[in-house]
């Protein structure tokens, strides 16, 4: 027995496109945040650029996936499904590194907040603005850390579900092709 609608939260193709657009929007926002303000939270030079670049890469894949689904392209859907595997693994490693590095830099982040938002000395040359964003200091490190952890876990769950939607749509296209050829159309 084949279940066409098992584990689907939305209609398959349009729901998958909407899911991809949601991933695109928050990955682009997160990637740009890391590229612009990541130096306030991470203290090894290229670290925030790497995290931001991965976020932008996820956004590009999600956009490509939405376009592939909108065109009903079997080849591009398969390509996206193949790429999601690697992106999920890279994102899981990124999430682990972000959590570990936030814990390692806890004292420096607290120092930045306690000194009126002054940037930690090793990152001063990379700062586009001269002070730490005030909103992050008012929340406190524990709240900030919890928000990062929850958002990274939600990101991984969303990406895994997008992979499932790609797989499910690919199977539907394959089955449709089999039904179409066996009926002689």
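We did not get these values from a lab; they are worked out from the coordinates using the rules stated. Just so it is clear, the model here is predicted, and its values are computed rather than measured. Note: ideal-geometry Cβ built from the backbone for every residue, glycine included; neighbour counts use all protein chains shown.
Can you give the calculated 222 nm mean residue ellipticity of the chain, where each DSSP H run of n ≥ 4 adds -39,500 (n - 2.57) and the sum is split over every residue, rounded to the nearest 500 deg cm²/dmol?
After summing the helix terms and dividing by residue count, I get -26000 deg cm²/dmol.
Relative to the longest principal axis of the C-alpha atoms of the chain, give the angle of the C-alpha long axis of helix 141-182, reported between 0 and 90° and rounded to the nearest 10°.
The helix 141-182 is inclined about 10 degrees to the chain.
Of the listed peptides 106-117, 142-153, 55-66, 20-31, what is their order by residue-averaged count of other C-beta atoms within 10 Å, with the highest listed first?
Going by the mean number of other Cβ atoms within 10 Å, highest first, we get 55-66, 20-31, 106-117, 142-153.
Show me 32-44, 80-92 ranked by packing, highest mean number of other Cβ atoms within 10 Å first.
Order by mean packing, descending: 32-44, 80-92.
Regarding segment 55-101, what's the average projected area of the Cα-atom convex hull, expressed in nm²? Could the numbers behind the result be given before it?
Details: hull surface 12.4 nm².
That works out to 3.1 nm².
How big is the C-alpha Rg of segment 1-87 next to the rule-of-thumb value 2.2 N^0.38 Å, as a ratio? Can you show the working numbers first?
Numbers: Rg = 15.8 Å, N = 87, 2.2 N^0.38 = 12.0 Å.
The value comes to 1.31.
Could you give me D for the chain, from Stokes-Einstein at 37 °C and 0.692 mPa s, where the hydrodynamic radius is the Kirkwood radius over C-alpha pairs? Units µm² s⁻¹, please.
Roughly 180 µm²/s, to the nearest whole number.
Which order, highest average first, do 164-170, 12-18, 69-75 follow once you tally other Cβ atoms within 10 Å for each residue and take the mean per peptide?
On the way: 164-170: 19.4, 12-18: 16.9, 69-75: 14.0.
Most protected by this proxy first, the peptides run 164-170, 12-18, 69-75.
Helix 47-70 versus the longest principal axis of the chain: what is the Cα-based angle in degrees, 0 to 90, to the nearest 10?
For 47-70 against the chain, the angle is about 20 degrees.
Quick check: pseudo-label points 7 Å beyond the Cα along Cα→Cβ at residue 18 and residue 100, how many nm apart are they?
Distance between label points: 3.9 nm.
If you fit an axis through the alpha-carbon atoms of helix 74-104 and take the longest principal axis of the Cα set of the chain, what angle between them do you get, 0 to 90°, nearest 10?
Helix 74-104 sits roughly 20 degrees off the main axis of the chain.
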